[in-house]
Amino acid sequence: MPKITFFTEDIQYALKHKTRVRNWIETTILAEGYQLSELNFILCSDDYLLRINQDYLQHDDYTDVITFDNSEELKMIVGDIFISLDRIKENALNFKSTTLDELCRVMIHGTLHLLGYKDKTKAAKTLMTEKEDFYLEKRTF
């Protein structure tokens with residue numbers, strides 16, 4: 001049975017519309033030609049995500065999302081997506097967005113990484129942003 005799970009680490013946050021978020025993410029995965037086995041979203045603080053960034057990626061800076069692809073089969077999604085709620089809230093203010101809208105943007109961004117999209121070059125980042133916008137428009141909440 002496909003499974004999307006939401007966790008928190010070192011913060012308190014109650015995600016609204018969990019069932020709709022799950023359906024939206026799963027629909028995105030299927031639309032891209034992948035199958036979903038297990039996907040975990042872990043919401044945490046800046047400091048928690050900074051430690052992950054330092055320990056696993058050897059980067060010493062704050063970020064809003066880190067995606068770990070644990071898949072062993074082609075076109076099968078198994079992954080963990082860590083998201084800093086501190087960054088989400090700050091970005092929402094900066095972009096004049098809601099926390100939920102910004103969280104969804106980052107959730108779909110992390111999911112797109114699991115689907116093979118990159119964002120290291122200008123062209124790749126442009127495509128990633130186009131895909132984010134496309135799937136954000138598909139939300140029903």
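Only loop residues by DSSP count here, and only those with at most 12 other Cβ atoms within 10 Å; note down the trypsin sites (Lys or Arg not before Pro) in segment 79-138 that meet that.
On the way: sites: R87, K89, K96, R105, K118, K120, K122, K125, K131, K138; in loops: K96, K118, K120, K138.
Here the sparse-neighbourhood loop sites are K96, K118, K120, K138.
Would you work out the charge dipole size for the chain about its Cα centre, treating the Cβ of every Lys and Arg as +1 and the Cβ of every Asp and Glu as -1, and quote it to the nearest 20 debye? Can you show the working numbers first?
Values: 18 positive and 24 negative charges, 126 e Å.
Using only the charged Cβ atoms, the result is roughly 600 debye.
Report the full-extension gain for the segment D10 to D60: residue separation times 0.36 nm, less the Cα-Cα distance, to one decimal in nm. Working shown, then result.
On the way: separation 50, 0.36 × 50 = 18.00 nm, distance 1.97 nm.
Computed gain between D10 and D60 is 16.0 nm.
Using a probe of 1.4 angstrom, how much of the accessible area of the chain is carbon and sulfur, in percent? Each step should come with its number before you reach the end.
On the way: 4080 of 8260 Å².
Looking at the chain in its full context, I get 49 percent from C and S.
Once the other residues with Cβ under 14 Å from the Cβ of T140 are scored (Lys, Arg +1; Asp, Glu -1), what is the net sum? Walk me through the numbers on the way to the answer.
Working: positive: K16, K18, R20, R22, K138, R139; negative: E26, D101, E137.
Spelling it out: positives minus negatives among the neighbours equals +3.
What residue among Q58, I25, C44 has its Cα farthest toward the positive end of the dipole of segment 22-90, where the charges are +1 on Lys, Arg and -1 on Asp, Glu, each on the Cβ?
I25
Can you pick out the pairs among K16/K75; K3/K75; K18/K138 whose Cα atoms lie more than 18 Å from each other?
Beyond 18 Å: K16/K75.
Just to be sure I understand the curve: with the Debye formula and one point per C-alpha of segment 15-66, what is log10 I(q)/I(0) at q = 0.19, 0.21, 0.26, 0.27 Å⁻¹?
Here log10 of I(q) over I(0) equals -0.79, -0.84, -0.91, -0.94.
Among DSSP bridges having both ends in the chain, what percentage is antiparallel? Round to the nearest 5. Could the numbers behind the result be given before it?
On the way: 5 of 20 bridges.
If we restrict to bridges inside the chain, about 25 percent are antiparallel.
What FRET efficiency, computed as 1/(1 + (r/R0)^6) with R0 = 30 Å and r the Cβ-Cβ distance, is obtained for K3 and F134, rounded to the nearest 0.05?
On the way: r = 25 Å, r/R0 = 0.82.
For K3 and F134, the calculated efficiency is 0.75.
Report, for segment 41-86, the % of DSSP beta bridges that are antiparallel, rounded to 5. Please report the intermediate quantities before stating the final value.
Numbers: 5 of 9 bridges.
If we restrict to bridges inside segment 41-86, about 55 percent are antiparallel.
Do any trypsin sites (Lys or Arg not before Pro) in segment 1-86 lie in a DSSP loop with no more than 16 other beta carbon atoms within 10 Å, and if so, which? Before the final figure, lay out the partial values.
Details: sites: K3, K16, K18, R20, R22, R51, K75; in loops: K16, K75.
Taking segment 1-86 and a limit of 16 other Cβ atoms within 10 Å, the loop trypsin sites (Lys or Arg not before Pro) found are K16, K75.
Return P(r) of the chain (all Cα-Cα pairs; 10 Å bins starting at 0; whole %; ordered from short to long distances).
Final binned percentages: 12, 43, 39, 7.
The values are calculated or read from the model by the stated rules, or taken from the named source; none is laboratory data. None of the values given here were measured: they were computed from a predicted structure. Note that each Cβ is placed from the backbone with ideal geometry, even for glycine, and that neighbours are counted across all protein chains shown. These accessible areas exclude ligands, DNA and RNA; they are computed on the full protein's heavy atoms, side chains included. Shrake-Rupley method; radii C 1.70, N 1.55, O 1.52, S 1.80 Å.
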